[in-house]
Amino acid sequence: QKKGVPMSAAAIAKLHFAAALTEAGTAGLDADGVCRAMLGLVVAKYLENRSVADVQSELRFIADNCDPDTDFAFMRP
């Protein structure tokens, strides 16, 4: 990270997620538990300002497009 350049939201999330996984490993906890807990926190935060249907739609989009070997439906070759 360059000095004076703000981090992106993705970089901030990646940094803290990696730290949570490291801390969980040190505590003898598995990554799945951390992922489940983080997902729950994200959903709860979304629900503070978004409708249930909107959050469900967001999660559906992510689930439908989580295969790294498949292009997103809106991508062109």
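Conditions tested, residue by residue: (1) surrounded by 12 or more Cβ atoms within 10 Å (Cβ to Cβ); (2) among the small types (Gly, Ala, Ser).
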position	(1), (2)
19	no, yes
28	no, yes
34	yes, no
38	yes, no
43	yes, no
56	yes, no
61	yes, no
66	no, no
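When the residues of the stretch 1-17 are filtered to those that are surrounded by 10 or more Cβ atoms within 10 Å (Cβ to Cβ) and in a loop (DSSP other than H, G, I, E, B), the one that is modelled with the lowest pLDDT is 7. Please specify each residue of the stretch 49-66 satisfying the condition of being without any contact (Cβ under 8 Å) to a residue 12 or more places away in the chain and in a helix (DSSP H, G or I). Passing the criteria: 52, 53, 54, 56, 57, 60, 61, 62, 63, 64.
The values are calculated or read from the model by the stated rules, or taken from the named source; none is laboratory data. Nothing here was measured: the structure is a model prediction, and the numbers come from that model. No Cβ is skipped: glycine too gets one built from the backbone with ideal geometry, and neighbour counts run over all protein chains shown.
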